[in-house]
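**Q** Below is one structure. I have some questions about it.
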Amino acid sequence: MHRLATIILIAASLCAAEPRRPSPEAVRDWQARKFGMFIHFGLYSIPGGVWNGQPVTNGYSEQIQGGANIPRDEYARIASQFNPVKFDPDAIARLAKSAGMNYIVITSKHHDGFNLFHTRLSDFNAVDATPYGKDLIKQLSDACARNGLKFGVYYSTIDWHDPRATPSDGGRNDNLIPDAHADFNAGQIRELMSNYGPITEIWFDMGKPTPEQSKRFADTVHSIQPDCMVSGRVFNHQGDFTVMGDNRIPEYVIDEPWQTPASIYHETWGYRSWQKRENPQGKIDEHIEKLVQVVSRGGNYLLNIGPRGDGSVVEFESDVLKGVGAWLKQNGNAIYGAQPQPFRQLDFGHAAVKPGRLYLFIRNWPADNTLRLPGLRTKLKRAYYLAEPGRTPLPVSGSSITLQRRRETSPITVVVAEFDGTLDVIPPTIEPDASGAVSLASKQADRFFNYNGRGYYERPSVYKLQWHFTTKPGRYKISVEPGTNGVVVTVDGKPAASSLQLASKDYHTLTITPPAPFVKGDRLPVEIESVRLIPEQ
């Protein structure tokens, strides 16, 4: 009996164990992909932003049910028209590859509650409710596998069709999730994780779940596919990667896995028949620049298309993706698998790093044809244009590179600078005043935010402030306004009391955080105004 009881206890403890989160290797693999295709496709693609013969300008076109206040049953009748005979998953996968993309994420269910997959929990799906009668998620998953792409799914945790869920409320995106609807969501998540092969990421969206619901959704994913990356919009800081606001990019490198979701047009994600489609080269340039900006700051770029109701890809969008792909064919080595730039800011553009190589993205051509790399102390061996077949060296002098021959690959030209060892860059620093004191104002700090908190409309909160400064060696008194109550001050990674000794060093880093151990979602309890380090006599 004693042995049997022990076995039962061990089994119970294993069942109660927390599901495993993605491994460090899985996170690194996800971060290395850099560029993916987002697809918004569903019933909303059929009206294409038009209802009762009039353009609906209120909100995104994929949310037309809420934006136009269409009654639930009236909207559901669109399913009888859903027959996307021009949906060609292999052609879409080939388009993604020609664009230089490494993965695809598609809307398995958007806010309207219509499912592109054959769910057993609702007959409001592409197999049971439409003349099309096929599972689009299965088709695209298989096509990605055939074409060497990773596959992911978008899943909205709100549902304007299910009577157990909160109604559309005019198209708001922060609906509460009743318990019965949370059970439904968890069941569909299990279906998606069980029936469609390896899922690289699940892109949760919207709703205002409780912390317990957010954890339940994330745990359901990881209990079946531990290495599937859960998006931050599962909310309550339960995601495996942070999602920026639509088309938003952070101002500098942040210390977590993150992604920028972007659309070809800022105005909509789902198909909009009356959308202006102008200046394709301008759009190509825009998204190359955004991709470079995202990669230079350590993120992934997920760029959306919205197929028509018949499943065909809009030619303008296809042309834009192919234009980005043409640039990547020449310059992709600077993008895939690259680490973020070590520089706080570069006047000519951006940078990224791989072992032994620094990639310099020239957006603003310097008037004197010289690239200056502020704070660089590593000796550069040689430099050349990435797209130039002969790789003729460019003159290197200290932390500067001279562009003797102007060779542009619009809109971004890439120069490679090779080096040995570890890249050593001194960040911009704050200098002491005449008395030797150092004043660190809040507005000068790098501010690190908690994204994806309680819901879509919650503003990000600050969890860390960081400054870099120089000063002479000696003992300094630290003064924090309005005080250190509830925060921890560290200098060069070590806790700092009201007084500390600073050794001779190129620069120091002062950081303010909540008390350790702080977890994702903790915030600074007070608004720090300034920090002063005053020499002690």
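The values are calculated or read from the model by the stated rules, or taken from the named source; none is laboratory data. Predicted model only: the values in this text are computed from it and were never measured. Ideal geometry is used to build each Cβ from the backbone, glycine not excepted, and the neighbour counts take in all protein chains shown.
**Q** Before we move on, is Asp506 more than 30 Å from Asn236 (Cα to Cα) and in the same structural domain as Asp446 (by TED's automatic domain parsing)?
**A** yes
**Q** Here's a check for you: in the range 149-206, which residue that is among the β-branched types (Val, Ile, Thr) and outside any strand (DSSP E or B) is nearest to the chain's Cα centre (by Cα)?
**A** By that ranking, first place goes to Thr200.
**Q** Then there is this: Any residue that is closer than 30 Å to Leu136 by Cβ, buried (at least 21 other Cβ atoms within 10 Å of the Cβ) and of a type outside the set (D, E, K, R) - is there at least one of those in the range 334-350?
**A** The answer is yes; a qualifying residue exists.
**Q** What are the residues in the range 21-40 that are more than 16 Å from the chain's Cα centre (by Cα) and either farther than 19 Å from Ala99 by Cα or surrounded by fewer than 22 Cβ atoms within 10 Å (Cβ to Cβ) (or both), if any?
**A** Hits for the range 21-40 are Arg21, Pro22, Ser23, Pro24, Glu25.
**Q** Is it the case that some residue within the range 63-84 is closer than 27 Å to Lys283 by Cβ and either surrounded by 24 or more Cβ atoms within 10 Å (Cβ to Cβ) or touching a strand residue (DSSP E or B) at 6+ places or on another chain (Cβ under 7 Å) (or both)?
**A** yes
**Q** Sticking with this one: Where in the range 331-402 are there strands (runs of 3 or more DSSP E), lying wholly inside it, with at least 1 residues that are touching a residue at least 60 places away in the same chain (Cβ under 8 Å) and aliphatic (A, V, I, L, M)?
**A** 349-354, 357-362
**Q** Here's a follow-up. Within the range 453-492, restricting attention to residues that are among the hydroxyl-bearing types (Ser, Thr, Tyr) and surrounded by fewer than 16 Cβ atoms within 10 Å (Cβ to Cβ), which residue is nearest to Thr511 (Cα to Cα)?
**A** Thr490
**Q** Working only within the range 261-282, note down all residues that are under 17 Å from Val324 (Cα atoms) and either touching a residue at least 60 places away in the same chain (Cβ under 8 Å) or part of a strand (DSSP E or B) (or both).
**A** The answer is Pro261, Ala262, Ser263, Tyr265.
**Q** Another question about this same structure. Evaluate the range 228-250: report whether one residue or more is touching a residue at least 12 places away in the same chain (Cβ under 8 Å), among the hydrophobic types (A, V, I, L, M, F, W, C) and over 23 Å from Gly299 (Cβ atoms).
**A** no
To keep it simple, each residue is scored yes or no on (1) loosely packed, with under 14 Cβ neighbours inside 10 Å; (2) touching a His at 6+ places or on another chain (Cβ under 8 Å); (3) not aliphatic (A, V, I, L, M).
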residue	(1), (2), (3)
Leu371	no, no, no
Thr378	no, no, yes
Lys381	yes, no, yes
Thr392	yes, no, yes
Ile401	no, no, no
Glu408	yes, no, yes
Thr413	no, no, yes
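**Q** So how many residues does the range 247-284 have that are among the aromatic types (Phe, Trp, Tyr), over 21 Å from Thr57 (Cβ atoms) and in contact with a Lys or Arg (Cβ under 7 Å, 6 or more places away or on another chain)?
**A** So the count comes out to 1.
**Q** Kindly list the number of the only condition in (1) closer than 26 Å to His181 by Cβ; (2) in contact with a strand residue (DSSP E or B) (Cβ under 9 Å, 6 or more places away or on another chain); (3) at pLDDT 95 or above; (4) hydrophobic (A, V, I, L, M, F, W, C) that fails for Ile158.
**A** (3)
**Q** Residues of the range 330-376 being within 14 Å of Ser400 (Cα to Cα), within 24 Å of the chain's Cα centre (by Cα) and among the β-branched types (Val, Ile, Thr), which ones?
**A** Answer for the range 330-376, where residues must be within 14 Å of Ser400 (Cα to Cα), within 24 Å of the chain's Cα centre (by Cα) and among the β-branched types (Val, Ile, Thr): just Ile362.
**Q** Name the one entry in Ser499, Ser504 that is surrounded by 11 or more Cβ atoms within 10 Å (Cβ to Cβ) and polar (S, T, N, Q).
**A** Ser499
**Q** Pairs, please: C-beta under 6 Å, at least 6 apart or cross-chain, first residue free of Cβ contacts under 8 Å to residues at least 40 places away in the same chain and in the range 291-316, second of a type in the set (Gly, Ala, Ser) and part of a helix (DSSP H, G or I)?
**A** Between residues of the range 291-316 that are free of Cβ contacts under 8 Å to residues at least 40 places away in the same chain and residues that are of a type in the set (Gly, Ala, Ser) and part of a helix (DSSP H, G or I), there is no close pair.
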